[in-house]
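Following: one structure in structure tokens, then a few remarks.
Any read-out appearing in this document is the output of simple, stated calculations on the displayed coordinates, not a laboratory observation. Since we're looking at a predicted model, the values are computed, not measured. Positions of Cβ are backbone-derived with ideal geometry, glycine not excepted, and every protein chain shown enters the neighbour counts.
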Amino acid sequence: MTAPAATVVPVAERRASRGLWSDAASRLLRNKPAMLGVVFIAIFVGSAVLAPVIAPYGPLEGELTNRLQPPSPAHVMGTDLQGRDQFTRILYGAQISLQVGVVAVLMALVMGALIGALAGGLGGRVDAVLMRSTDVFLAIPGLLLAIGIIAWLDRGLWQLMLAIAVTYAPVFARLLRGSLLALRESDYVIAARSVGAGGGRLLTRHMLPNALTPLIVQATLVLATAIIDIAGLGFLGLGPADPRTPEWGTMLTDARRFLQTAPWLVFFPAAAIVVSAIGFNLLGDGLRESLDPRLKR
Amino acid sequence: MTTTLPAAPPDRAGALEPLLDVRDLLVRFRTHDGTIHAVNGVSFQLQRGERLGLVGESGCGKSVTNLAIIRLLPKPAGRIEGGSVRFDGQDLVTLDESDVREIRGRDIAMIFQDPMTSLNPVLTVEEQMIETIVAHRKMPKADARARAVELLGMVGIPQPEKRLKSFPHQFSGGMRQRVMIAMALALEPKLLIADEPTTALDVTIQAQVLELISRLTTETGTSLVLITHDLGVVAGMTDRINVMYAGFIIETATTGELFDRPSHPYTVGLLHSMPRVDDREGDPLIPIEGRPPDMRNLPNGCPFAPRCAWRLPICWSDNPPLEPVVPGSPVVASGPAATHRIACHNPPTAEEAVHGHPSRPGHVPAPPPAGQLDELTSYAALADGGVRPEHLQVAPAAHDIDHEVPARHENAHHHHDGDDHHGPEDSG
């Protein structure tokens, strides 16, 4: 901000910018790691959406005589203990991870944003009570909290989503509250108040839009962690209620015993988890950089 | 401040009520480190169309005074703890928040120091301007938009139609400040408060922006409060000047009078620490030594005493009220005939003011009373008025004295031992 301000204008005139979001998008497109992330995410989401179309077999169909086959043209990723095609199950597993991950993170985002907006917007006693409560949740290690919730509510997809949502809601709550507190004293919010803005308009027009970008970035990053958590819970036997469900973590548990005899059974689900998690991580970092209007290249 | 101001300027029959009448304004910040005494009983008035400069160094309470006037003090730490702010017939201190919100922007507008951060980065200039206009005037969006275009043109932004669609980061600093001015004047407020409007700008842009503010306020008859630490800025821009120090107004006069005949040692110091183009034979710049007092722990005496070369023993114990330079003359608080007033026990003479230091024979800045001596004041005592043997004797003892106030009290060789009633132990 110390650079002579007069040099900024020509830049804006040379590259006619169409708006904040399109500027951010063009910055994102030039960010190579973020684009690699987008490719990974595209593979992940594509697998999930197109699973019924591209999968050569059904996720549950298999011949026991066909069990533990190494990768071959008929089964590109080999077959598992029940003779089911692993490639098919990885594709369907993406469906579970995507579905649970996205819904869980959205739930966490809504819960957290609500708490954060109330705390940061109202302040005072409301703030104190809400934030101390979220501190309690934050004090418990995330996976342990999720395990506790599933132990209490029993296994199942919804329980899994809820467990992960509750684990991450405090993160969003704190983030939004922190942004709102900082924004409340920011020059442009005071400037907006000095021309008569107040109450709801101040919060919805001036503060929330500016507090949104860190939330978007954080949601992307949390999605990566959530995918790992889903697999982790699955690995611990706390995944979907039906043990036949093609869930990556559950598949790893089953394959664990054959690490030496059938390593492909471990390799492919693990690779799927890594690729999708890294994809969201890279995109999250890229978003963080490109959504900041102060960072201009 | 004990000066009582007349309810209305006495020199005009049925005179206009001043647009702004601040009385005994008291602002405190309650922080974890203690209470900050930001504004300590400030009183001043402003007529319609009058332009007032508020001058002082950082932290002297000039910005806080104005944030208090439009009730934008940072909550919950900042609070108005006394006084009244009558604006256009209403007391802003006791008014409902929703009523104050109506006044902000419509009747009182503000321009801030840093145009780079004073506009919302996610909204276009159009959205922000229209929002401001529509918030106070029920008018169709198209009309508000036309008004925004007109305003941008007025503040000298080329191609206003096109630039309206731009985001703040697509403007330069000077242009952003023009946008801020356009927004501030959108509703033709009665009072414009400009808080160091040019401090963050290039020197070449500063003059343009000042000229713009000056021209637009004159055209619309808007009253102006210009806050600055730069006396050069207020010289050509204002009718009257309040000089502030440590939350007090210590001198007030019409602009011409203040520059002709500065009468408070601090004002004299300010003028002598500022380079002037018209300086005849290169008088040396005289810095004001020392630092402003800790606002958490203001001294009982004159807050400027530790840095003052004119100080008398009484200055350490008694904070002088703001009174006319010519004793006994009637007080006119505003307008072109405003009384020149200072808060000083021992004002510099006209000749001393010209030279920037005391020149009466035998004058030595009074040493601090024993109980008040701390590191800061002893250094200040050494620094101003030159190093004199008697100071050198006092200063090194300061560290011992801090811990043994009662003992020293009896030994104190000057006659003000009854006044050092506030202990130094709580300072620092």
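When the trypsin sites (Lys or Arg not before Pro) in segment A:19-99 are filtered for DSSP coil states and for at most 12 other beta-carbon atoms within 10 Å of their beta-carbon, the remaining sites are A:Arg30.
Using only side-chain charges placed at the Cβ, +1 for Lys and Arg and -1 for Asp and Glu, the dipole size of the protein assembly as shown relative to its Cα centre rounds to 3320 debye. Projecting the Cα atoms of B:Leu298, B:Leu285, B:His345 onto the dipole axis of segment B:264-353, where Lys and Arg carry +1 and Asp and Glu carry -1 at the beta carbon, places B:Leu298 farthest toward the positive end. Restricting segment B:65-154 to trypsin sites (Lys or Arg not before Pro) that sit in a DSSP loop and have at most 16 other Cβ atoms within 10 Å of their own Cβ leaves B:Arg137, B:Lys138.
Translational diffusion of the protein assembly as shown was estimated from the Stokes-Einstein equation, with Rh taken as the Kirkwood radius over Cα pairs; at 20 °C and 1.002 mPa s the coefficient is 70 µm²/s. With the charge dipole of the protein assembly as shown set up from +1 on Lys and Arg Cβ and -1 on Asp and Glu Cβ about the Cα centre, the Cα lying farthest toward the positive end among the listed residues A:Gly279, A:Ser72, B:Leu226 is that of A:Ser72. Based only on Cα atoms, what Rg/Rh ratio does chain A have, Rh being taken as Kirkwood's radius? Ratio value, two decimals: 1.07. Within segment A:93-210, the ratio Rg/Rh, alpha carbon atoms throughout and Rh by Kirkwood, equals 1.09. If the cut-off is a Cα-Cα distance under 21 Å, which lysines reach B:Lys62, setting aside same-chain residues fewer than 8 apart in sequence? Result set, ordered by chain and number: B:Lys75, B:Lys190. Straight-line reach from B:Lys141: taking Cα to Cα under 19 Å and skipping same-chain neighbours fewer than 8 places apart, the lysines in range are B:Lys162, B:Lys165. Please compute P(r) over all alpha-carbon pairs of segment A:84-126, binned at 10 Å starting from zero, and give each bin as a whole-number percent. It works out to 26, 26, 20, 15, 10, 4, in whole percents.
Taking the square roots of 5 times each eigenvalue of the Cα gyration tensor of segment A:23-126, largest first, gives ellipsoid semi-axes of 41, 21, 9 Å.
Considering only A:Val171, A:Met207, A:Ala241, the residue lying farthest towards the positive end of the dipole of chain A is A:Met207, judged by Cα position with unit charges set on Cβ.
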